[in-house]
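Below you'll find the structure, written out as structure tokens, and then a few comments.
Computed from the coordinates by the stated procedures, all read-outs in this text should not be read as laboratory data. What you see is a predicted model, and the numbers here were worked out from it, not measured in a lab. Cβ atoms come from the backbone with ideal geometry, glycine included; neighbour counts cover every protein chain shown.
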Amino acid sequence: MLRSRHSRSRTERRPHRRASDKPGQGSPAEAVDRVELERKGERDLERARTAGGPLDSACYSCSCGFVFTAAVSTGVVCPHCGARQAW
């Protein structure tokens, strides 16, 4: 039987939360999941910091026909002809 990637068998599904379930009063498994998500977020943030942070560069196309990459700024100048680029 072929299933789409989104369908899950009945045993794989998670139960729906009831209206009586209040956030923060979940099962111990939910608390572990929450802690694990927080740790993953911290690891992702640390990895981004070690890599030097986000790269803020853009590709510009000048009216002279020169295409170049430069830092994102309001005052970008074409290195070929010296014309200022609109942001």
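Let me check I've understood the local charge: for Arg49, count other residues with C-beta under 12 angstrom from its C-beta, Lys and Arg +1, Asp and Glu -1. What total comes out?
On the way: positive: Arg43, Arg47; negative: Glu42, Asp44, Glu46.
Surrounding charge for Arg49 is -1.
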Quiz prompt | Cβ-defined net charge surrounding Arg39, 12 Å radius [Lys, Arg +1; Asp, Glu -1] | solution = -3
Practice problem: Tabulate in residue order the Karplus-calculated ³J(HN,Hα) for segment 50-60, using 6.51 cos²θ - 1.76 cosθ + 1.60 with θ = phi - 60°, rounded to whole Hz; enter x for Gly and Pro. | Solution: 5, 6, x, x, x, 8, 9, 9, 9, 9, 10
